[in-house]
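See structure below.
Please treat every number below as a calculation from the coordinates, not as lab data. The shown structure was predicted, so the numbers you read here are calculated from the model rather than taken from an experiment. Cβ coordinates were reconstructed from backbone atoms using ideal geometry, including for glycine residues, and neighbour counts include every protein chain displayed.
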Amino acid sequence: MKKFNRLLKGHKSLVFLDFEGTQFSHEMIAIGALHATIDSRGFIKKTKKPFKIYVKPHNRVGKFVTDLTGITDDMLKEKGVSFQTAMNDLKKYCGLSFKKSSFITFGNHDMRILSSSASYSFDFPKDIVQNIQKNYIDFSAFINEFMKDEKGNSLSLVKYCEAFGVKEAGPAHDPAVDAQNLAWLYDASMRNTNLLMEEYKKVLRNFNHFPEPVSKMVRKLADGEDVTYLEFEDSLKKYLA
């Protein structure tokens with residue numbers, strides 16, 4: 001899809017990311033990633049095994065996050081590594097293509113977590129963090145333009161996966177699982193542009209910010225009706241009368 005290809009800046013290496021963070025300080029407590037390479041059409045042709053690592057924050061996880069993710073303070077004390085180590089391990093996982101990769105998340109909260117963790121760490125690897133920030137793409141912002149619910153609201157990752165018939169890799173809020181689900185959603189949306197087009201027609205039909213003469217024509221087109229220039233001109237005359 002040309003629109004998304006422009007966001008990729010020519011990159012053929014994609015890293016689908018999901019960060020889990022603490023409840024209040026929004027520090028990183030876990031990273032999930034899936035590295036993929038795409039072909040000329042943007043379809044995923046190869047992936048590495050998923051990457052997952054726990055990260056020690058400076059502050060407590062928080063009950064809400066623990067209930068949601070199953071990640072506890074004790075778990076991080078035992079299994080967690082420093083933010084610096086986690087970032088270096090993520091770079092190693094990405095391999096030689098790290099600097100020429102696009103990092104894809106679902107929503108912008110992951111970048112907030114990345115920035116927050118960097119602010120708590122005096123020796124964080126700036127080159128790694130800045131490269132991710134520079135080449136990050138919020139996939140939810142992209143797909144939300146074309147597909148919404150009946151009330152015009154954005155869908156969750158789970159709901160988008162259901163709409164495209166994507167079989168989930170496992171339970172939500174496991175960062176490695178969420179990264180995989182995002183990758184499969186991306187691939188399904190690139191392959192099934194017909195579904196995306198039909199959903200976009202619905203979005204356009206219900207869009208309330210067009211001027212009325214334009215809205216009238218768009219509604220007709222979205223309903224499968226032909227519209228002529230004379231009809232459009234007549235609609236303008238009535239609107240201006």
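Per-structure values
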read-out	value
Inter-centroid distance (Cα atoms) of the range 59-73 relative to the range 181-195, Å	31
Selection from Tyr160, Ala179, Leu221, by position along the positive dipole direction of the chain (Cβ)	Ala179
At least 27 Å along the helix axis (C-alpha) and Kyte average at least 0.5, DSSP helices within the chain	none
Point-charge dipole on Cβ atoms (K/R +1, D/E -1) for the range 113-241, about Cα centre, debye to 20	240
Ranked by how many other beta carbons lie within 10 Å on average, peptides 172-178, 232-238, 208-214 from highest	172-178, 232-238, 208-214
Qualifying chymotrypsin sites (Phe, Trp or Tyr not before Pro) in the range 1-65, DSSP loop, other Cβ atoms within 10 Å at most 14	Phe24, Phe43
DSSP-defined antiparallel bridges as percent of all bridges, the chain, nearest 5	65
Greater than 32 Å apart at Cα, pairs in Lys56/Lys99; Lys92/Lys167; Lys63/Lys201; Lys2/Lys92; Lys77/Lys100; Lys79/Lys99	Lys63/Lys201; Lys77/Lys100
Mean separation of Cα contacts under 8 Å (6+ apart) over length of the chain, as relative contact order %	20
Extension gain, Lys100 back to Asp74 (0.36 nm per residue minus Cα-Cα distance, nm)	5.7 nm
Charge dipole magnitude, Cβ of K and R +1, D and E -1 - the chain, Cα centre, debye nearest 20	860
For the range 104-127 versus the range 220-239, the gap between their alpha-carbon centres in whole angstrom	49
Gain on full stretching of the segment that runs from Asn153 to Asn208 - 0.36 nm per residue minus C-alpha separation	18.5 nm
